[in-house]
1. On a 0 to 90 degree scale, rounded to 10, what angle separates helix B:80-94 from the longest Cα axis of chain B?
2. How far, in nm to one decimal, is A:Ser76 from itself in the other copies if the label point is set 7 angstrom along Cα toward Cβ? Shortest first, please.
3. On a straight-distance basis, which aspartates and glutamates could pair with B:Lys122 in a cross-link, Cα separation under 15 angstrom, same-chain partners fewer than 8 positions away excluded?
4. Nearest 0.05, what FRET efficiency do B:Ala64 and B:Lys34 give at R0 = 30 Å with Cβ-Cβ as r?
5. Run down the lysines and flag those whose C-alpha is under 26 Å from the C-alpha of A:Lys34, throwing out any fewer than 8 positions away in its chain.
6. Looking at the square roots a ≥ b ≥ c of the eigenvalues of the Cα gyration tensor of the stretch A:112-156, which shape do they give, rounded for a/c under 1.5, prolate if a/b is larger than b/c, or oblate?
7. For the rotation taking B to A, I'd like to know which residue in chain B has the C-beta closest to the axis, plus that distance in Å.
8. Work out the charge dipole of the protein assembly as shown with +1 on the Cβ of Lys and Arg and -1 on the Cβ of Asp and Glu about the Cα centre, then indicate which of B:Ala35, B:Leu166, B:Ala147 is farthest towards its positive end.
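Rule-based calculations on the coordinates, nothing more; no lab input. Quick caveat, the model's predicted, so the values are computed rather than measured. Cβ sites come from the backbone with ideal geometry, for glycine too, and all protein chains shown count toward neighbours.
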There are 2 protein chains.
Amino acid sequence: MPPAVLTREEVVARVMAVVRQRGYDGASLSELSKATGLGKSSLYHHFPDGKDDMVGAVIGHLEASLETAVFAPLRSAGQPAARLQAMTATLDGFYYGGREACVLAILGIGDASRRFHPRVKKLFRAWIDAIASALRDAGLSKPLAQARAEDAIVRIEGALVLARSLGEPAIFGRTLKALPDDLLRR
Amino acid sequence: MPPAVLTREEVVARVMAVVRQRGYDGASLSELSKATGLGKSSLYHHFPDGKDDMVGAVIGHLEASLETAVFAPLRSAGQPAARLQAMTATLDGFYYGGREACVLAILGIGDASRRFHPRVKKLFRAWIDAIASALRDAGLSKPLAQARAEDAIVRIEGALVLARSLGEPAIFGRTLKALPDDLLRR
DNA sequence: GTCTATACGTGGATAGAC
DNA sequence: GTCTATCCACGTATAGAC
């Protein structure tokens, strides 16, 4: 094994990939070690509190990358419809066209949920607020924008669950495609 | 501990409750033992292949109870709108008003997904078909009924994820309430 | 059918050399 | 910063008495 040229970012990305596929409890240190190319001790060097720290870093990464890649564009100055389409395009990439699960949803299960609930909740709230902001700019009332924004997340998360359960990623794509118009319709 | 007056049904129900809250990997034998009031050895007496067997029994229970409580009514002879409302009422109970996760979604994560994917997929398909049957009876075209039925599951599963992630069960209730009209609109 | 006791692997975590 | 070696707890699973 080469002397680990991975940046912290890359290590965190690989930890996220494992957690995404195996769940928090299913993500063992051995597997995380294999996935990152770092021995267990090295992992503890970078993440003194173990798995908790690693997943904390994953959430931190999500907080940052969602903010810049999803939330900020949703709040920007362009056409609301275009902003929503930008979001769906980005999400299609994030979730590999519906083939990968949502880390936030995964972290709502079992032990992880108690540990990370506050941050997960905050992230979902920020996401909802960002979508609602685009909808308000399109002329929707505040309560309607809020409700539709929540519905957007509902459909995104649900589409991921169903697409993966059926082994039909296309369901996610269809859902994303319909989303902007459905949200903006009056 | 009394000589276990629990029926197999009750044992399976308690296993399901644990899996629902902790996930497949998080559901340890010790916890299952505590929850059922049966020692580990007793569990192996009833379920020789261990956790796999137990979760298999949980899925069997779901196959049966969803068929009688959800699918069959959806295919029955009443008004389509009434059949859909019956479904949402039943689901509200199944999921404790949005406070409990969906076992099928839980089983799509990690190890469990490989093991149980075929049965989970079949169950989702049967559910979609049953909803589509009600929508066809309401006059929708076959492809539209199919797409809307998939969207129904998308929203149900997504609402469960979001309601639990935000700690706002009401999101699930709102989603259920809007569902019949949304599905039937043309 | 249920229990106690136990075997054996793996999980998370640490010590200490390099 | 990374490794090897090791620790202990807990996980799954089994044996065998009652």
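1. Approximately 20 degrees, to the nearest 10.
2. When each copy's label point is compared with this one, the spacings are 5.3 nm.
3. Filter leaves A:Glu168, B:Glu63, B:Glu67, B:Glu150.
4. Efficiency, rounded to the nearest 0.05: 0.70.
5. A:Lys34 reaches A:Lys51.
6. prolate
7. Axis relating chain B to chain A; nearest Cβ residue and distance: B:Gly158, 1.
8. B:Ala147
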